[in-house]
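Some notes on the structure that comes next.
The values are calculated or read from the model by the stated rules, or taken from the named source; none is laboratory data. It should be emphasised that the depicted structure is a prediction, and the values quoted were computed from it without experimental measurement. As a convention, Cβ positions derive from the backbone with ideal geometry for all residues, glycine included, and neighbour counts pool all protein chains shown. To get the accessible areas, we keep the full protein, side chains included, count just its heavy atoms, and leave off ligands, DNA and RNA. Shrake-Rupley method; radii C 1.70, N 1.55, O 1.52, S 1.80 Å.
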Amino acid sequence: MEKDRVLFGQIVVGPPGSGKTTYCATISKYLNKLGRSTHVINLDPGNDANLPYTPAIDVTQLVSLEETMKTLNLGPNGGLIYCMEYLDKNNDWLIEKIDKLCFSGDDKLKSRPYLIFDSPGQVELYVHNNALKNVIQALTKSKVCGFDLRLASVNLVDSFYANDPGKFVSALLNSLATMMHLELPHINVLSKVDAIEKFGPIKFNIDYYCEVLDLNYLIDQIADDPFMVKFKQLSKAISEIVESYGLVTFAPLDVNDVKTMFKLMRLIDRANGHFLLDIESEEKVQEIYEETQKVDFDYAKYMEIRERLISKDEQDES
């Protein structure tokens, strides 16, 4: 594969309401300011016209969830699965669109484009249905698509799950299943950390949830009443599976905080290898990124978020 046929990007996945579309719009703006030619590609056939970004490629031009539901008399879940399987069978449409977007008529790369894929919010697509996985494999195999697309998956999980031990354990299992299923360099993200205590204070510090420390402490927070016995046993079994793999950690994200955005971007650049290509952009990110060598690294990763939460709690108490 020729060097000029190499592309970089990220595919943004996660449950409904985790902030995928908002993240795609915000990170694309930041990257454009860094000088990257960033294109957002909408892979969600259910996304309406009021997107916070202008998609460079829109899957609704190929297949629409609304039309599919009406034509085939399907519900939202069945309709979305059908749409993604239709995209899988017609992935040449997407490959051709990307080729035209990124390469000129003389087969030269257009200003080193960076691609961000905005995905649907149906969990089945990330943990067991093969439609999206097949599309990803087609895009990342140069023999199939004719270019070398180096992708990292970015899995967004809403931070409000941290307020409920059972929900957080299920989010951990879903994140692990997504990592195993998509088979890509992978970054898990705890999104909306600015609103993590919207439904009440969290039991532990933010780093406990991001580093996924000893989950026995989390299981202990589940009530011991007879009604919850089986639920607690199930949650403990799931947590043991997650801990046995030792793969799931989270990067905290607040889309309104530029530092958390750039910290996450550095992780993604290292996952897909982009930092080796765009040294100038990496140096700009480094200027924004805090100098962790001067403080304890583990504390530096979360100290601003932790101090912000402590300050908020003190204001609430007063």
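Mind ranking Ser18, Ser104 by accessible surface for me, highest first, 1.4 Å probe?
Reading off the accessible areas and sorting them downward yields Ser104, Ser18.
Using every Cα-Cα pair within region 95-248, state what percent have a distance larger than 26 Å.
Percent of Cα pairs beyond 26 Å in region 95-248: 41.
For a quick check of understanding: with a 1.4 angstrom probe and all protein chains in place, what accessible area in square angstrom does Arg266 have, to the nearest ten?
40
Taking loop as defined by DSSP and a crowding limit of 11 other beta carbons within 10 Å, which trypsin sites (Lys or Arg not before Pro) in region 177-247 fit?
Lys198
For the pairs Lys203/Lys263; Lys141/Lys167; Lys20/Lys97; Lys70/Lys141; Lys203/Lys236; Lys192/Lys232, flag any whose C-alpha to C-alpha distance is greater than 29 Å.
Long pairs (Cα-Cα over 29 Å): Lys141/Lys167; Lys70/Lys141.
Quick one: if the Förster radius is 30 Å, what FRET efficiency do Phe199 and Lys236 give, using the C-beta to C-beta distance and rounding to 0.05?
Efficiency at R0 = 30 Å is approximately 0.80.
Run the Debye formula on the Cα coordinates of region 84-148, all scatterers equal and no solvent, and tell me log10 I(q)/I(0) at q = 0.20, 0.29 1/Å.
Each listed q maps to, in turn, -0.85, -1.35.
Along the Cα→Cβ direction, 7 angstrom out, place labels at Ala223 and Glu183. What is the inter-label distance in nm?
Roughly 4.4 nm, to one decimal.
Answer rounded, prolate or oblate for region 112-191, using the Cα gyration tensor with square roots of eigenvalues a ≥ b ≥ c: rounded when a/c is under 1.5, else prolate when a/b is larger than b/c, else oblate.
Judged from the Cα gyration tensor, region 112-191 comes out prolate (a/c at least 1.5, a/b above b/c).
Subtracting the Cα-Cα distance from 0.36 nm times the residue separation, let me have the gained length for Asp257 to Asn134 in nm, one decimal. List each step's numbers first, then the result.
Details: separation 123, 0.36 × 123 = 44.28 nm, distance 3.46 nm.
Answer, rounded to one decimal: 40.8 nm.
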